[in-house]
Amino acid sequence: MSGVDKRSEAEPIRVQVPGQASAQLLSADGGEAADGRGQLSWALFEWARNPYVILITIYIFSPYFTSTVVGDPVRGQTIWGNINGIAGFFIACLGPILGAIADTGGRRKPWIAFFVALMVPAMFALWWAMPGEGGLSVLTIAALIVLIAVAFEFSAVFHNSMLPAVAPHERIGFLSGLGLALGNGGALIILCFMLWAFMLPGAVGWSFVPEAPLFGIDASAHENSRISGPIVAVWLLVFSLPLLLWTPDVKGASVPVKLAIRRGFGSVVGTVRKLRHYRNIAIYLAARMFYNDGKTAVLVFGGVYAAGVFKWGALTLTVYGIVLSIFAVGGGFFGGWLDDTFGSKRAILVSIGGTALGVLLAVSITPTEIFFLPYDAASAEPVWSLPFFATWPELMYLIVVLLVAICITAAYANSRTMLARIAPISKMSEFFGIYALSGTATAFLGPLLVGAATHLFQSQRAGFASVLLLLGIGLAGMLFVKEERAEAAE
């Protein structure tokens, strides 16, 4: 077949493979789609990769690094922000070029294997991130985190660009959502295991909890936090194998690396020069840039806001993370259903609109208010005897944030699928590189806006509510995006 079949997308496109009794579905890019095992293996790479985000950047390692390794939470947060800023700079500069290299050089899996090979030892080395002089220096830890973050994002460029070649057009929304759901599911399993095996032992007297941390882990030496590095390293190594073994790769031409780099760089420059031809994609990426910054700020500051307003401690925040992760799994499937049922554009409008509504409701709740209405906390009885979410405002906040968790996860799945539907097939990796750039080029914007608003109004509520501005701009931009595939500019 010389090109993509132009028949209605609602009609399944099938090709008869010699030696098979049944017809094989074509992929979204017009080639032969992967079989069920290959498609599942593609989605399973999210299961392998995404626990790094939950354990290292959100719940376990980052607070340990900023508060214990650095020793000063304020200075530690500053250093953590600089680390992510440096990583974002490298991603912004090199992401589109690497994507273009994949387009000119063909195969994606060797690049994925290369970045996994960089990430695994760097993650494992975080075990030696000790406070004081006994382990790695702060500068060395920072270098490791930058390396992991850059390799993580670059692996996503090549992994995302495989989607149209792996799945039939009518299943790319489902497969994208499945990947996000699996990623959150893997992180949830690890988080629950660490809570049971390393965090609760010695702290509670529950019969189902071990009396002491497993494997001789010494909590006094912060090994229960440091072990997160080796865990995500081994997890990534093991569960990357299905993708590398069973998901078919794009057949690549034998192009030397230097030539691929030269062609890739030239392709990016040419694409930038021809942005007028890709006006629809440019509008989409600009809109995504704003709402993605808003989503990131919600993820970063949601727990901070709750901890400050409701005075939550470590136990409550851990349970909070586990509960949100459970519902985020459902968000991946919800996003896939939205996408396949209503299309990517409408799905994004629903998921980002739902996120904005959830944030608005969240900031309407304090210990003395529920949905901006007064609540008499002094005379109220606890909801239950559990040591977390014991008041109605806390419980209502949790319920509202569950909506946010579902919608944010759905939005990640919908956003990826949207680009897969509108980018030119021949430049898919290049545009996923630009997609990564649009998600990181202004990553400072959300935290800066929240910090400035918090300082200006001297209010956590006002600071957290400021993310509604970013979500609103992104939502408005999506109204001007058309869900149609662009033709490659030659």
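Throughout, read-outs are computed from the coordinates displayed, never taken from laboratory work. Source: prediction; values computed, not measured. We place every Cβ from the backbone using ideal geometry, glycine too, and count neighbours over all the protein chains shown.
A simple spin-label model places the labels of W384 and F215 3.1 nm from each other, with each point 7 Å out along Cα-to-Cβ.
Within region 326-347, whose backbone N sits under 15 Å from a point 7 Å along Cα→Cβ of E170? In region 326-347, the label zone of E170 (backbone N under 15 Å from the point 7 Å along Cα→Cβ) covers 340-343. For the pair T368 and D35, label points projected 7 Å from Cα toward Cβ lie 6.6 nm apart.
Model label sites at L395 and A377, defined 7 Å from Cα along the beta-carbon direction, differ in position by 1.7 nm.
Obtain the radius of gyration and the Kirkwood radius of region 277-490 from its C-alpha atoms and give Rg over Rh.
Working: Rg = 18.8 Å, Rh = 18.2 Å.
With Rh from the inverse mean 1/r over Cα pairs, Rg/Rh is 1.03.
Close amide H pairs (under 5 Å, H built 1.01 Å from N) link L25 with V15, residues at least 5 positions away or on another chain. Protection proxy ranking of 368-376, 330-338, 355-363, by the mean of other Cβ atoms within 10 Å over each peptide's residues and highest first, is 330-338, 355-363, 368-376.
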